[in-house]
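Asker: Shown below is the structure under consideration.
The values are calculated or read from the model by the stated rules, or taken from the named source; none is laboratory data. Computed from a prediction, not measured in an experiment: that's the story for all the values here. A quick note on method: Cβ atoms are made from the backbone with ideal geometry, for glycine too, and the neighbour counts reach across all protein chains shown. Protein only, heavy atoms only, side chains kept; ligands, DNA and RNA dropped before computing areas. Shrake-Rupley method; radii C 1.70, N 1.55, O 1.52, S 1.80 Å.
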Amino acid sequence: MSAQPRIPLTRDRVLRAALELADASGVEALTMRRLGDELGFEAMSLYRHVTNKHDLLDGMLDLVLAEWQLPGAAGAWPEGIRASARSVHDALRRHPWSAQLLMTGSHLRPARLQYMDRLLGTLRASGFDADSAYHVYHLLDGYIFGFTLWEIAYTAQPMDTEAVTALMQSIPWTQYPHLTEHRDQHMNDGPHRDVSAFDVGLDLILAGLAVSRG
């Protein structure tokens, strides 16, 4: 029985395989050798489609950015910004390695620049003057990336149940009644489970901005 022919390599196939590998194992685990093994090719074959590791990461980030909805695409203020922020948050959670790279100047992609320009333009069109838009842009971008990185930090590693149990037993809970109430919310179902903490924070920010805008 003859062997099945290998699917030819393309840049898109290389990038999507790299994306899946980074999502599953972290960007630190992404090497040309391992990527080649995943695709069934020698590592040198990949260089026909990506120049180097930097080019590979840039291409992967372009795929992540393609999942973002541009501000204003779902309407003006505040719906367009809310929908865009949620799409960015969701994409960064699907690809947790990407947030740190997108915050570095060495991986500033055209789609990221387009997003920045559209967010600023949507704010200006929504009635914010240039000085207000300057601060609101940083507030929104900081919230989206900051909250996402906070979530990633708490979910990236498997929970050590023994360590958590030991920690919980070491805390004198009777001295911290409000923290005890909060602990119980983490452990039990209730209305607080029906909403996303990211959405709650985003809506509070947008509501406050609506008041300040007048």
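Asker: Can you tell me which residue among F147, F198 is in contact with an Asp or Glu (Cβ under 9 Å, 6 or more places away or on another chain), open to solvent by less than 90 Å² (accessible area, probe 1.4 Å) and either part of a helix (DSSP H, G or I) or of a type in the set (D, E, K, R) (or both)? Give the steps one after another, and end with the answer.
Answerer: Values: F147 fails: in contact with an Asp or Glu (Cβ under 9 Å, 6 or more places away or on another chain).
On inspection, the qualifying residue turns out to be F198.
Asker: Take L101 and decide whether it is more than 21 Å from G201 (Cα to Cα) and either exposed (fewer than 11 other Cβ atoms within 10 Å of the Cβ) or out of contact with any strand residue (DSSP E or B) (no Cβ under 7 Å at 6 or more places or on another chain) (or both).
Answerer: Against the criterion (more than 21 Å from G201 (Cα to Cα) and either exposed (fewer than 11 other Cβ atoms within 10 Å of the Cβ) or out of contact with any strand residue (DSSP E or B) (no Cβ under 7 Å at 6 or more places or on another chain) (or both)), L101 qualifies.
Asker: If you check H178, H192, which single one turns out to be assigned to a helix (DSSP H, G or I), more than 30 Å from L120 (Cβ to Cβ) and touching a helix residue (DSSP H, G or I) at 6+ places or on another chain (Cβ under 6 Å)?
Answerer: Sole residue among the options that is assigned to a helix (DSSP H, G or I), more than 30 Å from L120 (Cβ to Cβ) and touching a helix residue (DSSP H, G or I) at 6+ places or on another chain (Cβ under 6 Å): H192.
Asker: So, L70, is that one assigned to a helix (DSSP H, G or I) and of a type outside the set (S, T, Y) or not?
Answerer: Answer is no for this residue.
Asker: Being hydroxyl-bearing (S, T, Y) and under 17 Å from A125 (Cβ atoms) is the filter here, so list the residues in region 68-102 that pass it.
Answerer: Once the filter is applied, which keeps residues that are hydroxyl-bearing (S, T, Y) and under 17 Å from A125 (Cβ atoms), region 68-102 yields only S84.
Asker: Let me confirm something: among Y134, Y154, which residue is under 30 Å from L61 (Cα atoms), open to solvent by 70 Å² or more (accessible area, probe 1.4 Å), at pLDDT below 90 and in a helix (DSSP H, G or I)?
Answerer: After applying the criteria, what remains is Y154.
Asker: Across region 157-195, what is the total count of residues that are among the basic types (K, R) and either open to solvent by 90 Å² or more (accessible area, probe 1.4 Å) or modelled with pLDDT of 90 or more (or both)? Steps first, answer last, please.
Answerer: Pass one, region 157-195, residues among the basic types (K, R): 183, 193.
From what is left, the residues that are either open to solvent by 90 Å² or more (accessible area, probe 1.4 Å) or modelled with pLDDT of 90 or more (or both) are 193.
Going through region 157-195 one residue at a time, the tally reaches 1.
Asker: Follow-up question, since we're still on this one. Restricting the search to region 135-162, which residues are hydroxyl-bearing (S, T, Y) and either within 21 Å of the chain's Cα centre (by Cα) or within 18 Å of A76 (Cα to Cα) (or both)? Reasoning before the result, please.
Answerer: Looking only at region 135-162, we keep the residues that are hydroxyl-bearing (S, T, Y), and these are 137, 143, 148, 154-155, 161.
Selection gives Y137, Y143, T148, Y154, T155.
Asker: In this structure, is R16 at pLDDT 95 or above, open to solvent by 90 Å² or more (accessible area, probe 1.4 Å) and charged (D, E, K, R)?
Answerer: So R16 passes the test.
Asker: Could you list all residues from region 34-67 that are within 15 Å of V14 (Cβ to Cβ), acidic (D, E) and not in a helix (DSSP H, G or I)?
Answerer: E42
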